[in-house]
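Asks: Would you mind keeping the following structure in view while I ask a few things?
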Amino acid sequence: MSLVGGLAILTVILAQGGEDPGDPWGIIKGKDGIHTGLSQAEVQGLAESYPPGSSADNPTSWYEYVAVIACHQNSPAQPKLEICQQAIDYCQQNAPDSPGPYAIIHRRLADDTGPLSGWQSVAPTCFTPSVPARSGEPAVELTEAMIVEQFHRTDFALPEAVIQPPGGKTLVNLPVYFELAWPAAGFEPQEVDTTTIVGHQVRIRPTLVGITYLTGDGATIGPTTSMGGPYPDGDINHEYTTRAQVNPSISVEYGGEVSVNGGGWRAIPSSATIEGPPVPLEILTSKNRLYDN
């Protein structure tokens, strides 16, 4: 049976199938009770399928495809509005060699004037990232280089230095305590930045690799994972030995983790160092005086 013929049969089966208590998406299962749908080769082969009277050599019309993740809120108009755990688990349990999540492939007829039909379900698959955009256009592969590039575009939170004593002034030989504070803007460690890359939902979660405190007089403390703290328990402190005007700051090295289409988190093989804003600090000297009472 040809791929196109097989898809037509699957379309009929899906259209006729009723919802099964053990099948939350209304997908007809195979004889073994599990139906993971089209293989990766079959999904990739959709790019070679054209409507009758059209071909790769004479593409007068074509099919447009969309993979709708099998969660209740999703539709061809919003195929990734929700990425539910059951769609992720389904492929992990039944097709562990696939990237998942479980999705229903939809297609519609189109030509140069635009869509010629509504969306119709074709078949389910666990090879969701391989679904092409249309006939003649294989799916664009999401590469590690794309993920690393997006990681470096992340709006990382700038580390802010909180200094004690407050007020921007201190004395020579008096311990100055430093503490890292995260601003509301930007993504700090463990906050998730969500974006779309070549049709895939990509979540990037910054992680903390190390913190370096730059005291402004040439000394540094770290790298460390300590956030510092106020007097008397803060473990990041420094004494200035001469009168000066300095501008201490904090530098943070971020690592990152990525999740694609709701999948598990994995490390991103890169890091980014972000410098926080300097804080003016005046180092003063004091003089002892004798008073005659």
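Asks: From the residues in the stretch 81-105 that are touching a helix residue (DSSP H, G or I) at 6+ places or on another chain (Cβ under 7 Å) and among the small types (Gly, Ala, Ser), which one is most open to solvent (accessible area, probe 1.4 Å)?
Replies: Once the filter is applied, the top-ranked residue is 98.
Asks: Regarding the stretch 108-115, can at least one residue be identified that is of a type in the set (D, E, K, R) and in contact with a Phe, Trp or Tyr (Cβ under 9 Å, 6 or more places away or on another chain)?
Replies: There is at least one residue in the stretch 108-115 that is of a type in the set (D, E, K, R) and in contact with a Phe, Trp or Tyr (Cβ under 9 Å, 6 or more places away or on another chain).
Asks: Taking only pairs six or more apart or across chains, which ones have beta-carbon atoms under 8 Å, a first residue in the stretch 45-59 that is at positive phi, and a second residue that is surrounded by fewer than 12 Cβ atoms within 10 Å (Cβ to Cβ)?
Replies: 53/60
Asks: Select from the stretch 81-107 the residues that are more than 20 Å from the chain's Cα centre (by Cα) and part of a strand (DSSP E or B) and write down the one among them that is farthest from residue 201 (Cα to Cα).
Replies: Within the stretch 81-107, the match that is farthest from residue 201 (Cα to Cα) is 107.
Asks: Given the structure, is residue 116 farther than 30 Å from residue 228 by Cα, in contact with a Leu (Cβ under 9 Å, 6 or more places away or on another chain), surrounded by fewer than 17 Cβ atoms within 10 Å (Cβ to Cβ) and in contact (Cβ under 8 Å) with a residue 12 or more places away in the chain?
Replies: Taking the combined requirement at face value, the residue satisfies it.
Asks: Residue under question is residue 262, and the condition is that it be buried (at least 19 other Cβ atoms within 10 Å of the Cβ), assigned to a loop (DSSP other than H, G, I, E, B) and in contact with a helix residue (DSSP H, G or I) (Cβ under 8 Å, 6 or more places away or on another chain); does it hold?
Replies: Against the criterion (buried (at least 19 other Cβ atoms within 10 Å of the Cβ), assigned to a loop (DSSP other than H, G, I, E, B) and in contact with a helix residue (DSSP H, G or I) (Cβ under 8 Å, 6 or more places away or on another chain)), residue 262 qualifies.
Asks: Restricting the search to the stretch 62-80, which residues are in a loop (DSSP other than H, G, I, E, B), farther than 15 Å from residue 131 by Cβ and open to solvent by 20 Å² or more (accessible area, probe 1.4 Å)?
Replies: 72, 73, 77 - these are the residues of the stretch 62-80 that are in a loop (DSSP other than H, G, I, E, B), farther than 15 Å from residue 131 by Cβ and open to solvent by 20 Å² or more (accessible area, probe 1.4 Å).
Asks: Follow-up. Output the qualifying pairs, or none if there are none: Cβ atoms under 8 angstrom, residues six or more apart or on different chains, first residue in the stretch 271-287 and of a type in the set (S, T, N, Q), second residue open to solvent by 50 Å² or more (accessible area, probe 1.4 Å) and part of a loop (DSSP other than H, G, I, E, B).
Replies: Between residues of the stretch 271-287 that are of a type in the set (S, T, N, Q) and residues that are open to solvent by 50 Å² or more (accessible area, probe 1.4 Å) and part of a loop (DSSP other than H, G, I, E, B), the close pairs are 285/243.
Asks: Out of the residues in the stretch 265-285 that are in a loop (DSSP other than H, G, I, E, B) and over 19 Å from the mean Cα position of the chain (by Cα), state the one that is modelled with the lowest pLDDT.
Replies: Here the answer is 285.
Asks: In a loop (DSSP other than H, G, I, E, B) and either within 29 Å of residue 149 (Cβ to Cβ) or touching a Pro at 6+ places or on another chain (Cβ under 7 Å) (or both), is that true of residue 256?
Replies: No, not satisfied.
The values are calculated or read from the model by the stated rules, or taken from the named source; none is laboratory data. Keep in mind that this is a model prediction, so the values were computed, not measured. Heads up, the Cβs are rebuilt from the backbone with ideal geometry, glycines too, and the neighbour counts pull from every protein chain shown. All accessible areas refer to the heavy atoms of the entire protein, side chains included, with ligands and DNA or RNA removed. Shrake-Rupley method; radii C 1.70, N 1.55, O 1.52, S 1.80 Å.
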